[in-house]
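The values are calculated or read from the model by the stated rules, or taken from the named source; none is laboratory data. Quantities reported herein were computed from a predicted structural model and do not represent experimental measurements. Neighbour counts run over all protein chains shown; Cβ positions are idealised from the backbone, glycine included. Remember, those area values only see protein heavy atoms, side chains included, never the ligands or the DNA or RNA. Shrake-Rupley method; radii C 1.70, N 1.55, O 1.52, S 1.80 Å.
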Amino acid sequence: MRIDVGTAFGGLDEDEVQSVRVEGRLIRADVDAVQHEHRLQVGWEIPVLSLFVPAVAASHPSGERANRFAISRNRERQRVVGEAARPHHVPQAPSEVGSMKIGIIGAGNIGGNLTRRLTALGHDVSVANSRGPQTLTALAEETGATPVAASEAARGAQVVVVTVPLKAVPQLPSGFLGGAVEGAVVIDTGNYYPQQRDGRIAAIEDGLPESRWTEQQIGHPVIKAFNGTYAQDILDNGRPTGSPARQALPVAGDDPAAKQVVRDLIDELGFDTVDAGGLDESWRQQPGTPVYGHQGDADAVAKALAEASPERTAEWRA
């Protein structure tokens, strides 16, 4: 059986060859990226070289490709989950994102598709991976993005997306954010996969939220977003503001202004957002929670966040 791995979640790198546990059972995924795909049937063996096709898996909703519609820049229906995780309306003013300089570190499923969409929207994107800019020629030719070394990806950037495996975060080039503009917003898409990829990270096992750990490693505040989003959804599921049942993404972070930049950008990509609180509350959107992989609207995502438990289940522990 052939399965499209273009639906992988955030934080998965193009170099990964791993296993995945689905509903407690081990699934082999000898492919270029790992996914925790709840629609996989337990026991499927996934052969290498039979997977990586750019089409949407049959089980995923399809729709008008995001680069074929004009997205209204006015935001609507953004929700917030506060300390008690109770969803409620938050009035939002219309926003204009405008063209931004964006650096993307990681060119796997999430990084690659963000590169495609953000360049299509007119942003100036630099993209890097672990293997060097010479390996990104095809993506650059496809999108118009600038392939660079990881140490150069943030140079002049207003927004930097870190979308690499957690185990690779400590190996990011020293001072890689030094060339970013003052006040640059850093988006963390990462997930902790201890059994499947990352090995044991003691601080996270002891309860530190994953993105708080990443923030400590890179020495810069982060906003957590896209970590539970199917990569293919970034291409296929965006809709104009106000569309019925518009898919929503949770966003967590401590800096309200930085969080708003990310929410505005996500709105431009064609999705509603739900404010998931500060970074200490970002465990609500980690792997194994109800919102992880959720494709519902803002109300459904807010409800899923409210139902989350801080207890990490056995399949998501080392």
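Can you tell me the accessible area per residue over the range 213-308, all protein chains present, probe 1.4 angstrom, in square angstrom?
Roughly 27 Å² per residue, with all protein chains present.
Residues whose amide H falls under 5 Å from that of residue 249, counting only those 5 or more places apart or on a different chain, are 272, 273, 274, with hydrogens built in the peptide plane. Scanning residues 5 or more positions from residue 146 or on other chains, those with amide H under 5 Å from its amide H are 125, 126, 127, with H placed 1.01 Å from N in the peptide plane. The listed residues 275, 299 rank as 299, 275 when sorted by accessible area, largest first, using a 1.4 Å probe. Take the Cα of residue 171, step 7 Å toward its Cβ, do the same at residue 311, and the gap between the two points is 3.6 nm. For the range 141-264, the carbon plus sulfur part of the accessible surface works out to 50%, probe radius 1.4 Å. Net charge in the neighbourhood of residue 143 (other residues with Cβ under 10 Å of its Cβ; Lys, Arg +1, Asp, Glu -1) is 0. Projected label points at residue 182 and residue 99, each 7 Å from Cα along the beta carbon direction, are separated by 2.5 nanometres. What lysines could a cross-link reach from residue 101, if we take a straight Cα to Cα line under 28 Å and drop same-chain neighbours fewer than 8 places away? Cα-Cα hits under 28 Å: 167, 224, 259. Sorting the segments 136-144, 103-111, 249-257 by their mean number of nearby beta carbons within 10 angstrom, highest to lowest, gives 103-111, 249-257, 136-144.
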